[in-house]
1. Would you be able to tell me the number of residues in region 272-287 that are closer than 30 Å to Ala314 by Cα and among the small types (Gly, Ala, Ser)?
2. Six or more apart or on different chains, Cβ atoms under 8 Å: show the pairs whose first residue is in region 480-501 and under 19 Å from Pro465 (Cβ atoms) and whose second is open to solvent by less than 70 Å² (accessible area, probe 1.4 Å) and of a type in the set (Val, Ile, Thr).
3. Which of the residues spanning region 206-237 are under 24 Å from Lys164 (Cα atoms), without any contact (Cβ under 8 Å) to a residue 60 or more places away in the chain and either over 24 Å from the mean Cα position of the chain (by Cα) or surrounded by fewer than 19 Cβ atoms within 10 Å (Cβ to Cβ) (or both)?
4. If you take the residues in region 481-499 that are in contact with a Leu (Cβ under 7 Å, 6 or more places away or on another chain) and under 19 Å from Lys449 (Cα atoms), which one is least open to solvent (accessible area, probe 1.4 Å)?
5. Among the residues of region 256-270, write down those that are in contact with a strand residue (DSSP E or B) (Cβ under 8 Å, 6 or more places away or on another chain) and either more than 15 Å from Thr186 (Cα to Cα) or open to solvent by 10 Å² or more (accessible area, probe 1.4 Å) (or both).
6. In the set Glu240, Glu312, which member is open to solvent by 60 Å² or more (accessible area, probe 1.4 Å), acidic (Asp, Glu), at pLDDT below 90 and not in a loop (DSSP other than H, G, I, E, B)?
7. Can you name the residue in region 182-198 that is of a type in the set (A, V, I, L, M, F, W, C) and in a helix (DSSP H, G or I) and, of all such residues, is most open to solvent (accessible area, probe 1.4 Å)?
Amino acid sequence: MEMAGSTVVEEMGGVIGLQLGYLYNYRRNLDDLKEQVEKLDDARERLQLSVDEAWIIQEATKLTEEEEASKTSCFSGRCPHLKSRYQLGKKAKKLAGKVVVINEASDFNIISYRPLPQSGLGFSRLRGYEASESRTMILNEIMNALRDDEFDMIEIWGMGGVGKSILVEQAASQALEDKLFDIVVTAHVSINPDVRKIQQEIADMFYLHLTEEIETRANLLFQRLNKQNRILIIFYDIWEKLDLGEVGIPWGEEHRRCKIMLISRNLHVLKAMNTQIEFLVKPLSEEEAWRLFKKTAGHTIEETDLQSIADEEAKQCAGLPFALVTVAKALKNMSIYDHLINNEARTLFLLCGLLGYCDIPMDHLLKYSVSLGLLEGIDTLKKQTNELLSLVHHLKASSLLLPAEDDNYVRMHNVVRHVAIEIASKECSGISLNCKNVYELPEGLVCPKLTFFQLYGNSVKFENPDTFFKGMEELKVLDLFKMHFASLPSSFCSLRNLRTLCLEQ
């Protein structure tokens, strides 16, 4: 019993001694942890190691912050907080042990190597982008500025959609390939700059933990960027002067191997930031624009039915690459129309084109679809709704319809809508007319195949001839939105196939 009791006492004494050690030696444990972390941080700067040591460094930083907070938690710091000291001492002892294991690993062989990311750029955006003569010229000029030590701050400016970002990404990609820089860092400023967000976006590329205070964050970021030998920092979408010092960006004499590239629509904003050289990105020439448009749209625009639309839409894009590519892709999708699953999908597509001057309500589509016979043979409202949703989903999957912000609506790209109207007009199956500046209707329209007819006005009285609806015997849907008639013309009686009459005011 004595031996057993002695053993228990010894074991208890060891446990108690260990716990008291955390309390009495908490300062030594914290100092040891800081020393080991400094060694690890130095190695991490040289080799850019993996996530384990990055996590430990972050935890050690938090522990230091907790220690500072504990100093004022008991009688304004005049009395030591024993519980906090015990907890801090215990955490510091365990973390220090982990760091020692890492630091003692010769040449860090037991840790996986993780290099700094090459860049924060989305180079996938460059696929399919054709370098024009004007773009190649300005790209070469930008590359010369990046190679020239005289320029620390470079400005790229031009109107929205002109292709500034793509050009800058091409330059950054080339600079990395030519080994002008070890790393390219990017940050998006936006119209309402958030310094904390900008700091974090840059810090994340270095796995750097930032504290809460703006000035401290800036100092940490400044110190880390200063340790990087050759670095290019790109700031996108600048709308007002950005204080680089507040963010924590070293440049000029503070870091001769750090170059900054600023992108904005406004030359004066960038001038206020003391840029040393500026590059204006202009719209593409008419020839370059058409070449890009044609390449993106493919063989579709060579078809006679779409050639005139393609010419007009390309001119409307005013040489802006973003608009040219967006519109050309929409036009390219029109080749899908002939391959839609059935006549119902094709008819729904044309109907959306007639209604697509704004977001299209799904309940309107359902009402018109039932009347036009697109949901023939479906006997319940729920089943009809599901079938309509299926057709809409198919059109979206074919890029002929777009989702709207509200799920109860759908949307159609303007270019696609123009093509749908062109097809509908040739087939004479549907007409949608804006009569806001019209006060008298014609004697009549000879459209024997017309099934959908929409007129929308401005609630003023119209002169409507009695013969107006003559020649529309196949009409199934008549929508007279804000059309004020004293009375319907007598030819209205000839609409024997009419299923839906809308008189919304």
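The values are calculated or read from the model by the stated rules, or taken from the named source; none is laboratory data. Keep in mind that this is a model prediction, so the values were computed, not measured. Neighbour counts are summed over all protein chains in view; Cβ atoms, including those assigned to glycine, are modelled from backbone coordinates with ideal geometry. Surface areas here come from the heavy atoms of the whole protein model, side chains and all, with no ligands, DNA or RNA. Shrake-Rupley method; radii C 1.70, N 1.55, O 1.52, S 1.80 Å.
1. 1
2. Final answer for the pair search is His484/Val460; Pro489/Thr467; Ser491/Thr467; Leu498/Val477.
3. Arg230, Ile231, Asp237
4. Leu495
5. Answer for region 256-270, where residues must be in contact with a strand residue (DSSP E or B) (Cβ under 8 Å, 6 or more places away or on another chain) and either more than 15 Å from Thr186 (Cα to Cα) or open to solvent by 10 Å² or more (accessible area, probe 1.4 Å) (or both): Arg257, Lys259, Arg265, Asn266, Leu267, Val269, Leu270.
6. Answer to the check: Glu312.
7. Across region 182-198, the extreme among qualifying residues is Val195.
Condition check ((1) over 30 Å from Ala328 (Cβ atoms); (2) of a type in the set (Val, Ile, Thr); (3) open to solvent by 20 Å² or more (accessible area, probe 1.4 Å); (4) out of contact with any Phe, Trp or Tyr (no Cβ under 6 Å at 6 or more places or on another chain)) across all residues:
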residue	(1), (2), (3), (4)
Ser390	no, no, yes, yes
Leu400	no, no, no, no
Asp406	no, no, yes, yes
Ser425	no, no, yes, yes
Ile431	no, yes, yes, no
Leu441	yes, no, no, no
Leu445	yes, no, yes, yes
Leu450	yes, no, no, yes
Leu455	yes, no, no, yes
